[in-house]
Amino acid sequence: MLLNGEPVVMLSDLNDSIIGVTGHIFIAASPERVWEVLTDYSNHKNYIPKLIVSDLLSDNGVETVIFQTARSRIFIFQKTVSLTVKIRGEYLKHLYFQQITGDFKVYHGEWILEKNRHGQGTFLTYKSEVKPDFFAPKFVVKYVQKHDFPSALLAVKKRAETSSHTLSN
């Protein structure tokens, strides 16, 4: 599935009603290009579904702070969430993120980039732990993660693959 470019998203129940989210996707682009897409924070709202605001607040070269707002819908219900996130990275390898303020009791995780050892491209992995700071039954939180997150992975893939940059090893 991964080599065909399909996203794989898995959920797990952790302690204290926290949901673990793990997503994987193969992107036919260099790790440099995938990194560019992931760290182009101000443009995320232009291509990631459900994201309506994504603003870079500060970047001191070591730590980046962004503000994001997303809107999800489940059945007839709609919920908008906002958060300010602190991000630290290890160039072309990891992006670690953690909510500073926002609509979650728990929101932290990482993006992991791995160069395809058997050819060109990048394996992108997302891991997070989430728990809303508002009433939402666990099945609703899981439903939103399972149904909304694959489209975000596909959006990153499409953006990285359709750039004018060429694939490099």
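The values are calculated or read from the model by the stated rules, or taken from the named source; none is laboratory data. A quick note: this is a predicted structure, and the numbers were derived from the prediction, not measured. Positions of Cβ are generated from backbone atoms using ideal geometry, with glycine treated the same way; all protein chains shown enter the neighbour counts.
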With the condition being within 28 Å of Ala29 (Cβ to Cβ) and among the β-branched types (Val, Ile, Thr), I'd like the strands (runs of 3 or more DSSP E) fully within the stretch 73-165 carrying at least 3 qualifying residues. 122-132
Hits in the stretch 5-31 - residues which are buried (at least 16 other Cβ atoms within 10 Å of the Cβ) and either in contact with a His (Cβ under 6 Å, 6 or more places away or on another chain) or part of a helix (DSSP H, G or I) (or both): Pro31
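Taking the options Ser151, Ser168, name whichever one is at pLDDT below 85 and not acidic (Asp, Glu).
Going through Ser151, Ser168 in turn, just one is at pLDDT below 85 and not acidic (Asp, Glu): Ser168.
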Condition test on Asp16, is it modelled with pLDDT under 95 and not basic (Lys, Arg)? yes
Between residues in the stretch 98-118 that are under 16 Å from Val21 (Cα atoms) and residues that are not acidic (Asp, Glu) and not in a strand (DSSP E or B), which pairs lie under 6 Å by C-beta distance while being six or more apart or on different chains? Val106/Ile18; Trp111/Leu38
